[in-house]
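Just so it is clear, none of the values below were taken in a lab; they were calculated from the coordinates. Quantities reported herein were computed from a predicted structural model and do not represent experimental measurements. Methodologically, a virtual Cβ is constructed for each residue, glycine included, from the backbone with ideal geometry; neighbour enumeration extends over all protein chains shown.
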Amino acid sequence: MSVNEKFTSIRKGLLEFLVLKVIAADKVYAADILNQLSRTEFATQEGTLYPLLSKMRREELVDYEWKESDAGPPRKYYQLTAKGREQLRETAEYWQKINATLRNLGQP
Amino acid sequence: MNKVISINLNGNAYQLEEGGFEALRAYLDTAARRLEGNPDKAEIIADIEQAIAGKFRSLLGANKTVVVEKEVEDIIAEMGPVEDASGAPEAPPPGAAAQAPGAAPAPDAGGGGGVPRRLFRIHEGAKIGGVCNGLAAYFNIDVTLVRIAFAFLIFAWGSGLLLYILMWVILPSASTPAEMAAAHGAPSATAQEFIRRAREGYYEGMRTFGDKQAHREWKRRFKSEMRGWKRDFHREMNQRARAWWPGWGPWAPHPATSGAWIAEPVLTMLITLVNIVGMIALISLVATGDILGMGFLPWWPFWARILTLIGIICLLRCPLKAIRRSVYGWGYGWCGPWGGLWCILKWVLIVYMVIWIFGGHGGFHDSLYHLPPRLHHAADSVRQWWNQQ
């Protein structure tokens, strides 16, 4: 089992964190998110992203507004809510802790 | 040369090759099934449709108007399988618990997999006897809807109350875990499919809400589809009933047995008589507190007297109706285009005959004459009571 395979479920769990991070940077629509993630190890597909976004909206982490686009129908632009920002901050902190643990564990 | 099918994705028409259309439909059906129970299902599906539409748009141009099968397959692969992200964070309602995880296997295995569903009373979260709860679990619908239906039935001649009490007495209550599982187990395939379709059709209807033409078209299709499913459901229920009870009536009137031509109208007349007498007795009981001057269980509370009377009427009607059904095979459905008219005509005729027969005896006429003053009297007493408040 390659490292890549071993990390499948971990990547899946982290996806929400990454999506929060992408949305925090700028107002984006779904294709933007996919595009940004496609260049990373977290490349994902619409079939996964849309249900995730709708779940995050239900949990009031993100919110969207319809915006006209010059190419095609209006798009949903996502942004973080206060709760979403809080969640992002907490997750980032926790991630730092995990990183520190990884660095320090096993060292004298 | 391939056949082309036009589809509507989020308000825009696209032309697909037939194979591509089938592939896309299978993809969206699977997605809908995976999202079963997700409150945002309709929205997610709409998002996905829009994403697919965007990909189609980028393929098409002035010189290319049809998406070929291969392109559809590529796009589906690009989209990836739809996965429900909500890992059941909030506790699903008890009725949905059995369905949500089991929704993925197709409900075609003659009643779903696992335990066959049985009707129980369920005490967890029950308001009275757990009858509504059990029914909700059996049909996999919201228990509030079942309660509302019962409340409505109570207004319809109190039949809801009677039904409730009967079911309370007859139905076993689910106490062991095995019985609980059976209470929530797989329902009839048709019922499950019917409810799924109804839900799906409802979402689709909501989506076409802005577009008048599309909405009308949806309404027409939805109605006809629901009628079809209702028919199937009735047929299945009837088959089950016949398996339990050989005397259950068949659908269409079968060729009349000898003597049916006389037995059928006589029985109908008897039933009508019971109906009319019952109605008069009920009105008189409500208006004056006893039946046409005769004391009727005067030591019982008022509501118990009304319930008992309704029970007696039902008890009188039931065997008569059962006999009529077995003699003539009284169908439940729509029997031919003139069935409704014929039914009304027959009723008018029967009521007229009953009045004519009883007209000769005077007593009936007298009571008819006395009915309006009695009703006036009842209305007056209600008004007086109201004024006193």
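Key figures
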| read-out | value |
| --- | --- |
| Label point distance in nm, B:I276-A:A71, each placed 7 Å from Cα along Cα→Cβ | 7.9 nm |
| Under-5 Å amide H pairs with B:S173, H placed in peptide plane, nonlocal only | B:R121 |
| B:D74 paired with A:I10, simple spin-label distance in nm, labels 7 Å along Cα-to-beta-carbon | 3.5 nm |
| Degrees separating the helix A:46-58 axis from the principal Cα axis of chain A, which is the longest one | 90 degrees |
| Under the Karplus curve 6.51 cos²θ - 1.76 cosθ + 1.60, θ = phi - 60°, whole-Hz ³J(HN,Hα) for the range B:48-57, x wherever Gly or Pro sits | 5, 4, 5, 5, 5, 4, x, 5, 4, 4 |
| Sites A:Q79 and A:F17, calculated FRET efficiency, Cβ-Cβ separation with R0 22 Å, nearest 0.05 | 0.85 |
| Relative contact order (percent, whole number), chain A, Cα cutoff 8 Å, 6+ residue spacing | 26 percent |
| Estimated inter-spin distance, B:D232 and B:D211, nm [label 7 Å along Cα→Cβ] | 2.6 nm |
| Neighbour-count order for B:I276, B:I141, B:I170, fewest beta carbons within 10 angstrom listed first | B:I170, B:I276, B:I141 |
| Residue-averaged [θ]222 nm for chain A, counting only DSSP H segments that reach four residues, each worth -39500 (n - 2.57) | -20000 deg cm²/dmol |
| Normalised convex hull volume, the range B:4-79, alpha-carbon set, Å³ per residue | 77 Å³ |
| Inter-chain Cβ neighbour average for residues A:38-51, partner chain, 10 Å | 6 |
| Distant-in-sequence amide H partners of B:I5 (H built 1.01 Å from N, under 5 Å) | B:L16, B:E17, B:E18 |
